[in-house]
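Every read-out reported here was derived from the displayed coordinates using simple, explicitly stated rules and does not represent laboratory data. Bear in mind that the values here come from a model prediction, so they are computed numbers and not experimental data. As a convention, Cβ positions derive from the backbone with ideal geometry for all residues, glycine included, and neighbour counts pool all protein chains shown.
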Amino acid sequence: MSHWTPELLSPAGSLEKLKVSVLYGADAVYLGGQKFDLRQASDNFTYEELTEGVEFAHSHGSKVYVVLNSFLHDKDLEELPEFLGLLEELKVDAVIVSDLGVISTIQKHSKLVVHLSTQASCLNVESAKLWQKMGAHRIVLGREVTIKEAAKIKKATGLEIEMFVHGSMCMSYSGNCVISNYTQGRDSNRGGCAHSCRFEYSIDFKNESKESKKAYFMSSKDLEGIRMLPEFIEAGIDSLKVEGRNKSHHYAGTISKVYSEALRYYRGHGNFLSSDMISWEEELRKVSHRDYTTGSLDIYAGDDSIYNNREQDDNEFVVSGIVLEASVGKHLLVDVKSAFHPGDILEVMPFKGQTEKLKVDFLRSLSGVSLEKSKPGSVVKIPYIPGAEKFNIIRKRAV
Ligand code: SF4
């Protein structure tokens, strides 16, 4: 007997990351085109990449949602119908929208399925009902909503409900933040967030008796919802979203792998083992992250969800490369992401199952010349290990 689980929705910050997310277990991915999307900084998809990405995802049984959640002016809206036509042609599975004008334009010019973006900060039943009347098929709830509240919204509306399960968080209500506009002149609601909430600020107390204090008091910890999976499942939450289109291949692959493994286990067994939970948590700690919190999934987030530290770069692992080709018994062709040397011990992350160690007994260029060091951006040959496949991530423990 198979037990029901929610969809796992992973980020696709580029065509390569889309493939990584899908192959490591995402049931669906979300991505942005060259326009109308809040993430200007991510490596957004050209039409050709979008075509290839949708074909790739669909051929692996995964869905594709396209993000159109920037807040648009009239002149931006004029260009939207043409893009909607392209998305319909490609048969994308839904578009993620936050602006009423965009929803209205979509309804006039296409039959695309509308998911309401978290940018619209939908937090309650009445708001969800209104968005439903406006044509939303799914609501991506604000991160401020608890799972219990989400269950009520689902019950009252029958809408599909999506919640964030993992990744960075905003200290403000998503879509209601202008810190970046004021501090950097970059509009977070039009794709320009400079993450100003992560900076160090000082508080100057008017009262002379208190000293002025410098702190990172607006920076939020990262969300980690793996231990809340039983609650998500019980509440019938339709989709669990992983934040992070600007994050690395390692992040996209590892988070997709861990959560899909957990959900697969539940489908087969109807429960979770605490020993598995511990090993999944250990794996989630291997990607770059701030301290983890469950945010508002259980009770509303408070002081303990503030990451009162400087942004750090002390990753436990770095990505060495991505497998481009596995020549059985001979070598792996690797797209190098960061430098490594002959003699290094790397880890190959299979799409399912245990990570395998690989000693770099040889390191050669494509033409067979021995190298002393791999160069990021180059393609190299290293020893083959059984089970390695195209798009496997190869990582190295940071020193
Ligand atoms: S500055 Fe921080 S809180 Fe504001 S939108 Fe950007 S990430 Fe969110």
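Given region 317-397 reduced to its alpha-carbon atoms as identical point scatterers, what log10 I(q)/I(0) does the Debye formula return at q = 0.25 Å⁻¹?
Computed log10 I(q)/I(0) values: -1.27.
At His73 and Val328, where each label point lies 7 Å from the Cα along Cα→Cβ, what is the point-to-point distance in nanometres?
The two pseudo-label positions are separated by 5.9 nm.
How do Arg290, Arg138, Arg143, Arg397 line up, fewest other C-beta atoms within 10 Å first?
Details: Arg290 17, Arg138 20, Arg143 23, Arg397 13.
Sorted ascending by nearby Cβ count, the order is Arg397, Arg290, Arg138, Arg143.
Using only Cα atoms, find the angle between the long axis of helix 47-59 and the longest principal axis of the chain, and express it within 0 to 90 degrees, rounded to the nearest 10.
80 degrees
How large is the dipole of region 101-243 about the Cα centre if only Lys and Arg carry +1 and Asp and Glu carry -1, each at its Cβ, rounded to the nearest 20 debye? All intermediate terms of the calculation are to be shown ahead of the outcome.
Details: 20 positive and 16 negative charges, 79 e Å.
Dipole size: approximately 380 debye.
If contacts are Cα pairs under 8 angstrom and at least 6 residues apart, what is the relative contact order of the chain in percent?
It rounds to 16 percent for the chain.
Can you pull the Kirkwood radius for region 9-79, inverse mean 1/r over Cα pairs, to one decimal in Å?
Hydrodynamic radius (Kirkwood, Cα only) of region 9-79 equals 12.3 Å.
Simple spin-label model, 7 Å along Cα-to-Cβ: Glu234 to His341 in nm?
Calculated label separation equals 5.3 nm.
Based on DSSP, what percent of beta bridges with both residues in the chain are antiparallel, to the nearest 5? Could the numbers behind the result be given before it?
Working: 32 of 61 bridges.
So the antiparallel bridges amount to about 50 percent of the total.
Residue by residue, what Karplus-based ³J(HN,Hα) values in Hz, rounded to whole numbers, does region 148-159 have, using 6.51, -1.76 and 1.60 with θ = phi - 60° and x for Gly and Pro?
Result, ordered by residue: 4, 5, 4, 4, 5, 4, 5, 4, 6, 10, x, 6 Hz.
Tell me which of Gly368, Val287, Ala235 sits at the most positive position along the dipole axis of the chain, charges placed on C-beta atoms (Lys, Arg +1; Asp, Glu -1).
Farthest towards the positive pole: Gly368.
Take the chain, mark every one of the GluC sites (Glu not before Pro) that falls in a DSSP loop and has at most 16 other Cβ within 10 Å, then report the longest stretch left between them, sites excluded.
Working: sites that count: Glu200, Glu208, Glu211, Glu311, Glu316, Glu372, Glu389.
Longest run free of exposed loop sites: 1-199.
Considering the convex hull of the alpha carbon atoms of the chain, report its projected area averaged over all viewing directions, in nm², one decimal.
22.9 nm²
Report the FRET efficiency, 1/(1 + (r/R0)^6), for Thr46 and Leu371, where r is their Cβ-Cβ distance and R0 is 35 Å, rounded to 0.05.
Numbers: r = 32 Å, r/R0 = 0.93.
Between Thr46 and Leu371 the formula returns 0.60.
In which sequence would Trp280, Trp4 go, from the one with the fewest C-beta neighbours within 10 Å to the one with the most?
With the fewest neighbours first, Trp280, Trp4 line up as Trp4, Trp280.
Can you put Ser10, Ser174 in order, fewest other beta carbons within 10 Å first?
Neighbour counts put them in this order, fewest first: Ser174, Ser10.
Per residue Cα convex hull volume for region 91-212, in cubic angstrom? Show your work: numbers first, answer last.
On the way: hull volume 19.5 nm³, N = 122.
That works out to 160 Å³ per residue.
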